[in-house]
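**Student:** Got a structure here, written out as structure tokens. Questions coming.
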Amino acid sequence: MFTPCYKELSRQKFNEKIEILEKMLESCILCPRKCKVNRKKGEKGFCRANANLYISSYGAHFGEEEILVGSGGSGTIFLTWCNLRCAYCQNYDISLEGNGEKVSIEQCAEIMLYLQRRGCHNINLVTPTHYTPHLIKSIKIASERGLNVPIVWNCGGYENVEVIKILEGIIDIYMPDIKYSNPETALKLSCARDYFERCKESVREMFRQVDNIQIENGIAKKGLLIRHLVLPEDLAGSEQIFLFIKNEISPDVWVNIMAQYRPFGNLPDKINRRISIIEYRNAINAAKSIGLKNILYNQFF
């Protein structure tokens, strides 16, 4: 029988991790931007988040990967704001405009417990990076009150590897994007020229912690699942991403190659369109030819 890793973490270790993360809010270095603003005094960095926790929505989500959804859905909590603020973001009202409601740590813990009671197979934290201290405190409280499902860290991939190291023993499933290998694209679309380097550091550490996906009765319990969104004109540099995964992570890691790109905002002409079927199939074929063994993709696109 699977036991989430946070259930085996001592109260002392939990508190030590929370104390370190809390301190980071005074000169924020939770993500690679390292804005060093004092969020506890109301200062805001690139992500726009202050010292409070904001949630835009939560519920059983059936649009995630099948191994997360099962029959009860993935217990998804959408966090407000984002440390990437991608120019094409579909959830721009959340990530760019900040739509959401302020909730306490206690309320967030109760949301997690509610999602478990309604039969969700996991707690899926979407864009959690800038709220890491708040969420870890909420997980601790919820665990003490009976939370017993895996935690999914559903992030954009632009992570501070030192923060990811602190999360060891708390997060069961890491689900990062690997958006770009091309630094110019990363700069233009997410203001993060160093995206790929920071993402590679973090994904290596995530894999070290949780290894490949472990599945029980069709549901993921632990492991690494990578997402990659195909962009028009191969602006993401998909092949280099697949080579990194195969050579430096594992050819057996699960990779979801996604076709959901929808242009939003004032974008250059060559990216202000949906991807073509040919572009998408080229990405799938590249992943297969490189030797990735567990590829998820839209067979009907």
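The values are calculated or read from the model by the stated rules, or taken from the named source; none is laboratory data. Because the structure is predicted, anything quoted here is derived from the model rather than measured. Here Cβ is always computed from backbone atoms with ideal geometry, including for glycine, and neighbour counts include all displayed protein chains.
**Student:** Based on what the data block shows, is Ile257 surrounded by 14 or more Cβ atoms within 10 Å (Cβ to Cβ) and aliphatic (A, V, I, L, M)? Can you show your working first?
**Tutor:** Numbers: surrounded by 14 or more Cβ atoms within 10 Å (Cβ to Cβ): yes; aliphatic (A, V, I, L, M): yes.
Yes; evaluated as a whole, the condition is true for this residue.
**Student:** Under 28 Å from Gly73 (Cα atoms), touching a Leu at 6+ places or on another chain (Cβ under 9 Å) and not acidic (Asp, Glu) - does that describe any residue in region 179-194?
**Tutor:** Checked region 179-194: at least one residue is under 28 Å from Gly73 (Cα atoms), touching a Leu at 6+ places or on another chain (Cβ under 9 Å) and not acidic (Asp, Glu).
**Student:** Any idea which residue in region 119-133 is farthest from Val69 (Cα to Cα), counting only those that are in contact with an Asp or Glu (Cβ under 9 Å, 6 or more places away or on another chain) and not in a loop (DSSP other than H, G, I, E, B)? Reasoning before the result, please.
**Tutor:** At the first step, the residues of region 119-133 found to be in contact with an Asp or Glu (Cβ under 9 Å, 6 or more places away or on another chain) are 122, 124, 129, 133.
From the residues that got through so far, the ones that are not in a loop (DSSP other than H, G, I, E, B) too are 124, 129, 133.
Values: Asn124: 10, Thr129: 22, Pro133: 26 Å.
Among residues in region 119-133 that are in contact with an Asp or Glu (Cβ under 9 Å, 6 or more places away or on another chain) and not in a loop (DSSP other than H, G, I, E, B), the one farthest from Val69 (Cα to Cα) is Pro133.
**Student:** Check region 234-252 and report whether any residue there is more than 15 Å from the chain's Cα centre (by Cα), modelled with pLDDT under 95 and closer than 28 Å to Gly75 by Cα.
**Tutor:** No; the residues of region 234-252 include none that is more than 15 Å from the chain's Cα centre (by Cα), modelled with pLDDT under 95 and closer than 28 Å to Gly75 by Cα.
**Student:** Could you go through region 76-83 and let me know if any residue there is out of contact with any Lys or Arg (no Cβ under 9 Å at 6 or more places or on another chain), at pLDDT 95 or above and farther than 27 Å from His121 by Cβ.
**Tutor:** Within region 76-83, not a single residue is out of contact with any Lys or Arg (no Cβ under 9 Å at 6 or more places or on another chain), at pLDDT 95 or above and farther than 27 Å from His121 by Cβ.
**Student:** Determine the pairs where a residue that is on the phi > 0 side of the Ramachandran plot, located within region 106-121, has a partner that is assigned to a loop (DSSP other than H, G, I, E, B) and surrounded by 16 or more Cβ atoms within 10 Å (Cβ to Cβ) with Cβ atoms under 7 Å apart, the partner being 6 or more residues away or on another chain.
**Tutor:** Close Cβ pairs (under 7 Å, with a partner that is assigned to a loop (DSSP other than H, G, I, E, B) and surrounded by 16 or more Cβ atoms within 10 Å (Cβ to Cβ)) amount to Gly119/Gly72.
**Student:** Please tell me if Ile249 is closer than 30 Å to Gly169 by Cβ and of a type in the set (A, V, I, L, M).
**Tutor:** Numbers: closer than 30 Å to Gly169 by Cβ: yes; of a type in the set (A, V, I, L, M): yes.
Criteria met by Ile249.
**Student:** When region 35-56 is examined, which residues are found to be surrounded by 15 or more Cβ atoms within 10 Å (Cβ to Cβ) and in contact (Cβ under 8 Å) with a residue 40 or more places away in the chain?
**Tutor:** Answer for region 35-56, where residues must be surrounded by 15 or more Cβ atoms within 10 Å (Cβ to Cβ) and in contact (Cβ under 8 Å) with a residue 40 or more places away in the chain: Phe46, Cys47, Arg48, Ala49, Leu53, Tyr54, Ile55, Ser56.
**Student:** Does any residue of region 27-34 turn out to be farther than 30 Å from Ile215 by Cα, in contact (Cβ under 8 Å) with a residue 24 or more places away in the chain and either touching a strand residue (DSSP E or B) at 6+ places or on another chain (Cβ under 9 Å) or surrounded by fewer than 19 Cβ atoms within 10 Å (Cβ to Cβ) (or both)?
**Tutor:** Within region 27-34 (the criterion being farther than 30 Å from Ile215 by Cα, in contact (Cβ under 8 Å) with a residue 24 or more places away in the chain and either touching a strand residue (DSSP E or B) at 6+ places or on another chain (Cβ under 9 Å) or surrounded by fewer than 19 Cβ atoms within 10 Å (Cβ to Cβ) (or both)), the answer is yes, since at least one residue qualifies.
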